[in-house]
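The values are calculated or read from the model by the stated rules, or taken from the named source; none is laboratory data. All values reported here derive from a predicted model rather than from experimental measurement. So basically every Cβ, Gly included, is an ideal-geometry build from the backbone, and we count neighbours across all protein chains shown. Accessible surface areas use protein heavy atoms only, side chains included; no ligands, DNA or RNA. Shrake-Rupley method; radii C 1.70, N 1.55, O 1.52, S 1.80 Å.
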Amino acid sequence: MHFRRHWAMAGLAAASPPDIARSSAAVCAVVVTYQPEQALLEALLASIRTQVARVAVVDNASRAAWLAAVCREYGAQYVQQPCNTGLAAAQNVGIALARDSGSSHVLLLDQDSEPAPDMVERLLRQEAELLARGEPVAAVGPQFADRRSGRAWAFQQIGWGGIRRIDGPRGNRDSPVTAATFLIASGSLIAMPVFERVGVMREDLFIDNIDVEWCYRAAAQGLRCYGVFAARMYHAIGARSVTMFAGLRRQAIHSPQRLYYMTRNRVYLYRLPYVSRTWLLNDLPRLAAKLLLFSLFMPPRGKNLRAMLAGLCDGLTGRLGRRDVYIDA
């Protein structure tokens, strides 16, 4: 389903494409790929290339014969890593390319995301308005919908009272922007001076919760993340999803390898002094629920359990970096 049709079906049809040349001349989109699906990547490149000045595709050694040709077709710079260096390392390669090219902003994108035709212009506009009001902006990001379910995801504000989910635009027609505790990396627009102040992505996390750590690090520097309801993006959560418990819950499915990283990195983040204790208190029940769910109900249950327990141990001891011992055969 194409993005415009998707949002039209939800009653949220995108506006007409803006004056891209005026609004996004200094934005570099950084797309990280690893074994991408050609159709999804082409949809992404087609949707983003008219919204930004340049596109850099950083590939983590997919060895896909078609990838370089597709990048040339869509005018994207293609950079192949010698091995799978992880999401954060590949993002940092793209950020360095953007800096060297004189870009003012970086737009981070996953290979399976599809921005609305006016997403970048809307993000830039809202960032400019926030800065004009004196707001300390770390990043702005779009509201996204899950590619499979069509569900629009709310922005989150996490405090001592729990997780406040802020939906839009129906309940927030007069509030096109909201502060968010963190944004998912894909779709995040970040000004280059912010990287100079906060730093780039932590490569030792490899994958998962990289964006959470960066947003909390930015918050420790006095900067805030903002969700933009008017900016839209289509995205996939998990390798696939299933409906459970008589339709009461839709659950994204992850491999044992991903469960290892998800568990390890969130437990490691609990230890960091600049990560809010409120996130820890709200995330611990989620960690426990995920451990039970994937070890009791989601095959391969034994591999899932071993991977998550290993992640728990490594997170507590601070053993980071790439680990491949839990990949399915």
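Structural remarks
Yes or no, residue by residue, for (1) modelled with pLDDT under 95; (2) of a type in the set (Ser, Thr, Tyr); (3) farther than 23 Å from SER104 by Cα; (4) part of a helix (DSSP H, G or I):
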position	(1), (2), (3), (4)
VAL32	no, no, no, no
GLU42	no, no, yes, yes
GLN51	no, no, no, no
ALA56	no, no, no, no
ARG63	yes, no, yes, no
ALA69	no, no, yes, yes
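- The one condition in (1) open to solvent by 40 Å² or more (accessible area, probe 1.4 Å); (2) not in a loop (DSSP other than H, G, I, E, B) that GLY75 fails to fulfil: (2)
- Among the residues of region 271-329, those that are among the hydroxyl-bearing types (Ser, Thr, Tyr) and open to solvent by less than 70 Å² (accessible area, probe 1.4 Å) comprise TYR274, SER276, THR278, SER295, TYR326.
- Among residues of region 93-105 that are over 13 Å from VAL200 (Cα atoms) and in contact (Cβ under 8 Å) with a residue 12 or more places away in the chain, those with a Cβ under 6 angstrom from a residue that is open to solvent by less than 50 Å² (accessible area, probe 1.4 Å) and not aliphatic (A, V, I, L, M), sequence gap 6+ or separate chain, pair up as SER103/CYS28.
- The one condition in (1) over 23 Å from ILE190 (Cα atoms); (2) at pLDDT below 95 that PRO17 fails to fulfil: (1)
- Scanning region 78-95 for residues that are open to solvent by 20 Å² or more (accessible area, probe 1.4 Å) and either more than 20 Å from LEU45 (Cα to Cα) or in contact with a Gly (Cβ under 7 Å, 6 or more places away or on another chain) (or both) yields PRO82, CYS83, ASN84, THR85.
- Residues satisfying the stated conditions in region 98-111, i.e. open to solvent by 50 Å² or more (accessible area, probe 1.4 Å) and in a helix (DSSP H, G or I): ARG99, ASP100
- Residue in region 240-260 that is within 16 Å of GLY141 (Cβ to Cβ) and either touching a Gly at 6+ places or on another chain (Cβ under 6 Å) or at pLDDT 95 or above (or both) present: no
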